[in-house]
1. GNM on the chain, C-alpha springs below 10 Å: top fluctuator among Glu48, Glu29, Glu18?
2. Normalise the Debye intensity by I(0) for the range 21-63, one equal point scatterer per Cα, no solvent, then take log10 at q = 0.15 Å⁻¹ and round to two decimals.
3. Which residue, Val22, Val35, Val47, tops the fluctuation ranking in a GNM of the chain built on C-alpha contacts under 10 Å?
4. Within the set of other residues whose C-beta is less than 9 Å from the C-beta of Ile26, count the net charge using Lys and Arg as +1 and Asp and Glu as -1.
5. Any idea what Rg and Dmax come out to for the chain if you just take the C-alpha atoms, in Å?
6. Output the 0 to 90 degree angle, nearest 10, between the alpha-carbon long axis of helix 41-56 and the longest principal axis computed from the alpha carbons of the chain.
7. Given the Cα-Cα distance of Lys76 and Ile26 and 0.36 nm per residue of separation, how much length would full extension add, in nm?
8. Efficiency by 1/(1 + (r/R0)^6): what FRET value for Asp34 and His11, r their Cβ-Cβ distance, R0 = 35 Å, to the nearest 0.05?
Amino acid sequence: MIAPRGGFFSHDGHWAVENEGVAPDIDVENWPKDVIAGRDPQLERAVEEAMRLLKLHPPDRMTKEPPPPTWGVRPKR
């Protein structure tokens, strides 16, 4: 056990200490039988959530190639 050495105020103005941790956004049961079977329930749920968010907010892809870099080229005066 390690005792916290410092404290600070959180964004909502409450006193907080280091090594306190945060509550997960999504609860996932991590049963030993699943891990023994070679599954990773937390990773599987994270991928499921990522795929859901990709469908909800698809990436905006470029339609043309960007201009080449101009490293070492001095601007004309």
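We did not get these values from a lab; they are worked out from the coordinates using the rules stated. Note that the structure is predicted; figures quoted are calculated from it, not measured. With ideal geometry, Cβ positions are generated from the backbone for all residues, glycine too; neighbour counts draw on all protein chains shown.
1. Among Glu48, Glu29, Glu18, the largest mean-square fluctuation in the Gaussian network model of the chain belongs to Glu18.
2. Listed by q, the Debye log ratios stand at -0.54.
3. Among Val22, Val35, Val47, the largest mean-square fluctuation in the Gaussian network model of the chain belongs to Val22.
4. Working: positive: Arg45; negative: Asp25, Asp27, Glu49.
Charge balance in the 9 Å sphere: -2.
5. So, for the chain, Rg and Dmax equal 23.5, 71 Å respectively.
6. Helix 41-56 sits at roughly 40 degrees to that axis.
7. Values: separation 50, 0.36 × 50 = 18.00 nm, distance 5.55 nm.
Using 0.36 nm per residue and subtracting the Cα-Cα distance, I get 12.4 nm.
8. Working: r = 35 Å, r/R0 = 1.01.
About 0.50, to the nearest 0.05.
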